[in-house]
Amino acid sequence: MSLNGDSLRKGDFQVRMHIVLCSREFPGINLSGGIGVYTQEEARVLVGQGHEVTVITEGREADTRIHPHGYRLVLITPVEGFKTDAHGYSYQLYKTLRQMARNTPIDVIEFPEYQGEGYFTIKAKRLLGQFADTTLVVHSHMSLEFCDQLNEEFPTLYRQAIFNIERYALHYADHATVPCDALAEVYQSFVPREYRRKWHPMPHFDRSLPARRNPSGEPTVLYVGRMEHRKGVDLLIGSAVRLLETGCSFRVKLVGGDTFQRGVSYRSQLLKKIPEKWRDRFEFVGPVKRDQLIEEYRQATVCVFPSRFENWPNVCLEAMSYGKAIIASERGGMREMLGNGAGILVDPENPTAMDGALERLFDRPDLVQELGQKARERFEAFERQEPFDYRTLKSGRNPATTRADTDWPQVSIVVPCYNAAETIERTVKNLERLDYPDYEIILVDDGSTDAHFAQLLDRLAQKSDRIRVYHKTNSGLPGARNYGARRAQGEYLVFCDADDLLHPRVLREAVSALRRYPDLAAVYPILRYFGDMRGLWGPQDLYLPTILAENQTHAGLVIRRAVFDTLSGYDETFVFGWEDWEFAVRLAKAGYAAEVLPREGYFYRVHPTSMVRTTSYERRVTMYRQLWRKHTDLLGPSGGYGRGRGLTLPRGYKGGAPQGWLWERVLETCPTRFVR
């Protein structure tokens, strides 16, 4: 544990730690929700304990400032080029933390699980051994995957990619913490591991003003939160309509912004559930400023939070602090929050329970007052709790912190070549300077028509004992790669095209990761373009359910030779391209695991004749068809090709770009994610 200056004593805390809190949302900086409020309050508490605290969040531009509460606030922007914006933000966060760790020791880094902010940093510790002396914690709020399930959203490829990095971060973090036992129970069903209980700090609410009766004189039901399916707003509206039909007289106020469910405004869907004759009884207030929100709480008779599942909502704590009678969902953290009779807990999808709870409070003002008093007392009890002690989180159990052996196995770099006289010398010079003790370079001349090029390859081999050259008749890129692999002597294979480059440390880092984790068959670095194009291309960890819909890897993978041979190498019929994609499909189908290496390690040259620029739409359709025909089994029952009847496109395909059709079929076969 690092000591930053003299040890301080604040209450029971004697050791000053450097704690970094990561949250893409933060009040006053960007559009902030519950995660941002939690982070702000946690930072305030930790500074009060005497710790050095850094908060990293998203800003319009990079910046560093000191917050009035005494912690450092670092603003970052996402990197472009990854599958999702969440991947790009996680990568920039990792680079920022890596630079920060070089300058000052960091004891603990905490990430939210939402959108996988810690993905690349946790991966860097796991695969590269970085952050070895830092404890990496993922604190659970509610993942996008869980929210999407509750919202009944269709899992697009974009969102599925985010689900995957959320799971990775939860699985491989040194510690995973939760504010309530209910969320731990849910997460155990899809990422089994130990989840430690960690209370949220109590937000500071201004409770000096007394309650005020609604000017209309009628009872007012208040809901605060987004207009969102998982929040159960539709269940509240349904209950209110039923009670209005029975003759009850009251008003409903709904405070919070709109969201979209499957592309449609959820507020518009809610309005359709309210009969015209009762529309004047419902008021959609929308988002409000703090002063107005306090006024809404003061005037409310009862607050209702009918979520289909809720973690540890600040809105419920706010209502408790104001001494309001509360009806809340029994599904999730409010069951613990409102314990000891501090509110009425109901199954939100049980109409009788919700209707009955509202009716009881309308009929019994004394019960409203009694529940409000109990809610405030419960809140005050939470305020007296001791804050979480980060010293109890230990690092060092992650196997990535152990050093790899110094006896490095041989690696074979296979370089297929075809008339590449303009680039091959730079590529070979780059490969000869790799920071790895034992490797060979195999140059495969795939029937080049330039006689001078063949002679150039021979001269390069004469200058270095590492280089071997083979000349063969032309068979295409996959054939040339297989030819070189069959003649390789290394335990690991790497493929590099004749105009591309490798980062000096990529072999050492890749082999080190593969040796630490025998269950990994291959790793592949982040790809950076150079030449006529700039930027990154971020691959994804191998994921079978969606791999036929999009390529997740590239040619520059580092793979165990035994695995490559077991799969018989590349399919040499893929002469037009995507042989690396097809190989990755077979790798995933065979049950092998492969991961992205968090390193910009493969440099892909783009020039006017590069495949990325010259492959026509018609050629791509041909390549899609070839890939799909070979792996029809991945599409499930809805995606049969009917090969026996000579069909060349899938059933259900109605024209246009075929990839969109395929995405839907593949996602239909994705496994169920949560069990409630």
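The values are calculated or read from the model by the stated rules, or taken from the named source; none is laboratory data. Not measured: the values here are computed from a predicted model. Cβ sites come from the backbone with ideal geometry, for glycine too, and all protein chains shown count toward neighbours. Please note that ligands, DNA and RNA were not included when accessible areas were found on the heavy atoms of the full protein model with its side chains. Shrake-Rupley method; radii C 1.70, N 1.55, O 1.52, S 1.80 Å.
Screening the candidates Tyr119, Tyr94 for the property of being crowded, with 24+ Cβ neighbours inside 10 Å and touching a residue at least 40 places away in the same chain (Cβ under 8 Å) yields one hit, Tyr119. Only one entry of Leu493, Leu507 meets the criterion of being open to solvent by less than 10 Å² (accessible area, probe 1.4 Å), part of a helix (DSSP H, G or I) and of a type outside the set (Lys, Arg), and that entry is Leu507. The residues in region 303-330 that are more than 32 Å from the chain's Cα centre (by Cα) and assigned to a helix (DSSP H, G or I) can be counted, and the count is 2.
Would region 355-367 turn up any residue that is farther than 19 Å from Ala240 by Cβ, touching a Cys at 6+ places or on another chain (Cβ under 9 Å) and outside any loop (DSSP other than H, G, I, E, B)? The answer is no; no qualifying residue exists. Scanning region 478-487 for residues that are under 38 Å from the mean Cα position of the chain (by Cα) and within 20 Å of Asp458 (Cα to Cα) turns up Ala480, Arg481, Gly484, Ala485.
The set of residues in region 285-302 that are under 33 Å from the mean Cα position of the chain (by Cα) and either part of a strand (DSSP E or B) or under 11 Å from Ile326 (Cα atoms) (or both) comprises Val285, Gly286. Among the numbered conditions (1) of a type outside the set (A, V, I, L, M); (2) part of a helix (DSSP H, G or I); (3) out of contact with any Cys (no Cβ under 9 Å at 6 or more places or on another chain), the only one that Thr427 does not meet is (3). Considering only residues in region 573-596 that are open to solvent by 60 Å² or more (accessible area, probe 1.4 Å) and in contact with a Leu (Cβ under 9 Å, 6 or more places away or on another chain), the one that is farthest from Asp446 (Cα to Cα) turns out to be Gly591.
Could we say that Leu254 is open to solvent by less than 40 Å² (accessible area, probe 1.4 Å) and assigned to a helix (DSSP H, G or I) here?
no
Checked against the criteria, Glu228 does not count as touching a strand residue (DSSP E or B) at 6+ places or on another chain (Cβ under 9 Å), at pLDDT below 95 and not hydroxyl-bearing (Ser, Thr, Tyr). The single condition from (1) without any contact (Cβ under 8 Å) to a residue 40 or more places away in the chain; (2) closer than 30 Å to Ile526 by Cα; (3) open to solvent by 40 Å² or more (accessible area, probe 1.4 Å) that Val55 fails is (3). Go through region 411-458 and give me each residue that's out of contact with any helix residue (DSSP H, G or I) (no Cβ under 7 Å at 6 or more places or on another chain), under 24 Å from Arg515 (Cβ atoms) and aromatic (Phe, Trp, Tyr). Listed by number, the list is empty, since nothing qualifies. Among residues that are assigned to a helix (DSSP H, G or I), at pLDDT 95 or above and within 24 Å of Lys289 (Cα to Cα), Leu271 is included. Within region 369-384, residues that are open to solvent by 70 Å² or more (accessible area, probe 1.4 Å) have Cβ atoms under 8 Å from residues that are assigned to a helix (DSSP H, G or I) and of a type outside the set (Val, Ile, Thr) in these pairs: Arg376/Met320; Arg376/Ser321, counting only partners at least 6 apart in sequence or on another chain.
Is it the case, given these coordinates, that Leu567 is touching a strand residue (DSSP E or B) at 6+ places or on another chain (Cβ under 9 Å) and aliphatic (A, V, I, L, M)? So Leu567 does not fit the description; no. The residues of region 337-364 that are touching a helix residue (DSSP H, G or I) at 6+ places or on another chain (Cβ under 7 Å) and of a type in the set (D, E, K, R), listed by number, are Asp347, Glu349, Asp355, Glu359, Arg360. Residues in region 231-251 that are surrounded by fewer than 20 Cβ atoms within 10 Å (Cβ to Cβ) and within 24 Å of Gly34 (Cβ to Cβ): Asp234 only.
Residues that are open to solvent by 10 Å² or more (accessible area, probe 1.4 Å), more than 28 Å from Asp148 (Cα to Cα) and not hydroxyl-bearing (Ser, Thr, Tyr) within region 295-322 comprise Glu295, Glu296, Arg298, Gln299, listed in sequence order.
Within region 323-343, the residues that satisfy the criterion of being at negative phi and surrounded by fewer than 22 Cβ atoms within 10 Å (Cβ to Cβ) are Glu330, Arg335, Glu336, Gly339. Taken over region 535-564, residues that are part of a helix (DSSP H, G or I) and farther than 22 Å from Ala169 by Cα amount to 4.
Taken over region 604-647, the criterion of being at pLDDT 75 or above, farther than 24 Å from Met533 by Cβ, of a type outside the set (Val, Ile, Thr) and surrounded by 12 or more Cβ atoms within 10 Å (Cβ to Cβ) is satisfied by Arg625, Gln626, Leu627, Trp628, Arg629, Lys630, His631, Leu634.
Among the residues of region 518-572, those that are open to solvent by 50 Å² or more (accessible area, probe 1.4 Å) and of a type in the set (S, T, N, Q) comprise Thr566, Ser568.
Regarding Glu228, is this residue among the acidic types (Asp, Glu) and either loosely packed, with under 13 Cβ neighbours inside 10 Å or within 20 Å of Arg308 (Cα to Cα) (or both)? So Glu228 passes the test.
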